[in-house]
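Input: a single structure, listed below in structure tokens.
The values are calculated or read from the model by the stated rules, or taken from the named source; none is laboratory data. Please read all numbers here as calculations on a predicted model, not as lab measurements. Positions of Cβ are generated from backbone atoms using ideal geometry, with glycine treated the same way; all protein chains shown enter the neighbour counts.
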Amino acid sequence: MNLFDYTLGNQGDQHKPLAFRMRPRNLDEIVGQEHLLSKGSVLRRLIEQDALTSMILYGPPGVGKTSLARIIAEHTKTAFLQLQAVAAGVNDIRKIGSDAAQRLKYYQQKTILFVDEVHRFNKSQQDVLLPIVEEGTVILIGATTENPLYEINAALLSRVKLYVLKSLDEAAINTIIDRALLDTERGLGKYQISLDDKARQLIITHAKGDARIALNILETLVNSSDISRPLELTAADVAMVVDRPRLQYDKKGDLHYDSISAFIKSIRGSDPDAAVFWLAYMLEGGEDPLYIARRLVVHAAEDIGLADPHALPLAQAAAAAVEFIGMPEARIPLAEATLYLATAPKSNSSVVAIDKAMASIRQGPAVKVPAHLGDTSHSKASAYFGKGRGYKYPHDYGGYVEQDYLPPEYLGSKYYHPGENGHEKAIKEFLNNLLQGKSSKKPQKGEI
């Protein structure tokens, strides 16, 4: 059974959207995915030989995932079933597994199950799907726009091959536009339509790598024009049917995490132009500005730290400003903080120090506070427990005096290593001077 039943040449398809009519009919018509489907490639050979194994097709919208599944459906001798993950339940999956087992037992025919938006399957649905994929009862082809490393459970992911489809580049979108304009059977070739270079570029820019958007724009232009005579489309015509370019951005998906990663790495790498670019990209995509502000505060402490002690309070001020004024004005303090952090000297000594100290405590012996460092707020603490006894008050020694501040089992441990950048260079010099001059320090009042 093929649930993709359709005939591209039938009369009814002329009333369907251009993007549907122009879907590729064979592997050669799929553009932009040559890394997967070039002649002689592994995936292409598997499709042509009808020898597929379970797979996940991962990529952004409008790059050919469903089209590839349709082509497989038309060429395979295997029973082909389709499920929409948003509409399917556990019982639907069990029924498909049962029918597939019967089909294999009595007719020696395998079953391919195509699941669109497979990332929408919850854990229970994926758990039911797992054994029928593992046993080979069905060959799974899942399509997803979300990173399967996070959205598909590890057990199921380990039993499928992951194929990554790329966003379409300008050349690929150009090819798709040309096909639509020239194809007399499925496209717009029976009309005399031309695009000037600026109009074409505006469509490509707005599509952002999504063939479906490009074709929808083209179709809207044609449907809203007089096609009884030659039609020459200009950038002004395109501008009338498109809004601001749509960004491929998901505040909970892969682009969310990749973008904030690129943002922080650009700041860490001291590239203010790249940093403000990624800030703008996230804000244009609808990212929560408070999320960005929180990451700036973390970055100020983690990657700049004591190299510039002003970085953290400035990042905190930006976060407070974002919460106080909101968007769109919040973009300005966010940009200010971003540029400040990107151009500040860098040091990760604070995070290295605290992580090293915490690891030392986890792996080391039990910690007991030395008596001379103990709390003496109670008047009897020293008499009964010896707390504070032997403690040297640094101010009585000119601000510094040699004494042990670590527990005996941890003496000699070194956690903080100041760097050579910014203010940390002064800190390093200060600590070195203390150590070099400690023997010359003279007590002023004696021990407390």
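Observations on the structure shown:
- The residue that is surrounded by the most Cβ atoms within 10 Å (Cβ to Cβ), among those in the range 67-79 that are at pLDDT below 90 and not aliphatic (A, V, I, L, M), is ARG70.
- When each of ILE96, ILE72, ILE47, ILE56 is tested for being under 13 Å from ILE139 (Cα atoms) and part of a strand (DSSP E or B), the lone residue that passes is ILE56.
Conditions (1) surrounded by 18 or more Cβ atoms within 10 Å (Cβ to Cβ); (2) assigned by TED's automatic domain parsing to the domain that holds PRO407; (3) assigned to a helix (DSSP H, G or I), marked per residue:
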site	(1), (2), (3)
PHE263	yes, no, yes
PRO309	no, no, no
ILE332	no, no, yes
SER360	no, no, yes
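- Selection from the range 112-128 of residues that are crowded, with 17+ Cβ neighbours inside 10 Å, of a type outside the set (D, E, K, R) and closer than 12 Å to VAL86 by Cα: VAL115, VAL118, HIS119, PHE121, GLN125
- Within this structure, ALA317 fails the test of being more than 30 Å from HIS206 (Cβ to Cβ), among the hydrophobic types (A, V, I, L, M, F, W, C), modelled with pLDDT of 95 or more and crowded, with 20+ Cβ neighbours inside 10 Å.
- Residues (touching a residue at least 12 places away in the same chain (Cβ under 8 Å) and among the aromatic types (Phe, Trp, Tyr)) located in the range 258-284: PHE263, TRP278, TYR281
- Out of LYS414, LYS425, LYS392, sole residue that is at pLDDT 85 or above, within 20 Å of SER360 (Cβ to Cβ) and basic (Lys, Arg): LYS414
- Filtering the range 320-330 to residues that are surrounded by fewer than 22 Cβ atoms within 10 Å (Cβ to Cβ), assigned to a helix (DSSP H, G or I) and not aromatic (Phe, Trp, Tyr) leaves ALA320, ALA321, GLU323, ILE325.
- GLY209 small (Gly, Ala, Ser) and without any contact (Cβ under 8 Å) to a residue 40 or more places away in the chain: no
- For the range 129-168, a residue qualifies if it is part of a helix (DSSP H, G or I) and surrounded by fewer than 18 Cβ atoms within 10 Å (Cβ to Cβ), and the qualifying residues are LEU130, PRO131, GLU134, LEU149, TYR150, ALA154, ALA155, LEU157.
- Answer from GLY269, GLY326, GLY305, GLY285 - the residue that is at pLDDT below 95, touching a Phe, Trp or Tyr at 6+ places or on another chain (Cβ under 7 Å) and not charged (D, E, K, R): GLY285
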